[in-house]
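*Asks:* One structure is given below, represented as structure tokens, and several questions about it will come after.
The values are calculated or read from the model by the stated rules, or taken from the named source; none is laboratory data. As the structure is a prediction and not an experimental result, all values here were calculated from the model. When we count neighbours, we look across all protein chains shown, and the Cβ atoms used for this are built from the backbone with ideal geometry, even at glycine.
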């Protein structure tokens, strides 16, 4: 399978589909990347002669459902506000300090180009097309590199969570 061609042909279509499910463009983009990651990983299970579009949509739907289950399972009920803070929730305060520090520590340990692509995308809010131009690569390369960086960070957070 030529996943470069498949990615170029179906990325926007699958992203629109996932956007219709989750109603958040950033999440839809991440879910679309995950869809292609899973498609590449399970390419050996695709039967020749089957409908490629239907297979991709099935993967996309499963990615969305997995994300929805994870989100539902990780929502924690915390007190609404911290004392003496005007409208700052405990969750926001924790995210601002502890999570940011953990994220930056993990990000610091990433190799290049993952670290820089992640920085440009998240902190610089740069579109993938611009990131691709910075590196002299394709937009697909920028998307995949960002996705891999994100997966490395998530794996690091999971490892920390489980005492590894």
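*Asks:* Sort out which residues of the stretch 6-36 are more than 18 Å from residue 142 (Cβ to Cβ) and buried (at least 19 other Cβ atoms within 10 Å of the Cβ), and write them in order of number.
*Replies:* Across the stretch 6-36, the qualifying residues are 17, 18.
*Asks:* While we're on this one: Suppose the filter is at pLDDT 85 or above and either over 18 Å from the mean Cα position of the chain (by Cα) or not assigned by TED's automatic domain parsing to the domain that holds residue 128 (or both); does residue 38 pass it?
*Replies:* Taking the combined requirement at face value, the residue satisfies it.
*Asks:* Residues 26, 53, 102, 70: which one is under 23 Å from residue 150 (Cα atoms), modelled with pLDDT of 80 or more and not in a loop (DSSP other than H, G, I, E, B)?
*Replies:* After ruling out the rest, the residue left standing is 26.
*Asks:* Within the stretch 115-164, how many residues turn out to be modelled with pLDDT of 80 or more, more than 19 Å from residue 11 (Cβ to Cβ) and part of a loop (DSSP other than H, G, I, E, B)?
*Replies:* Number satisfying all stated conditions: 1.
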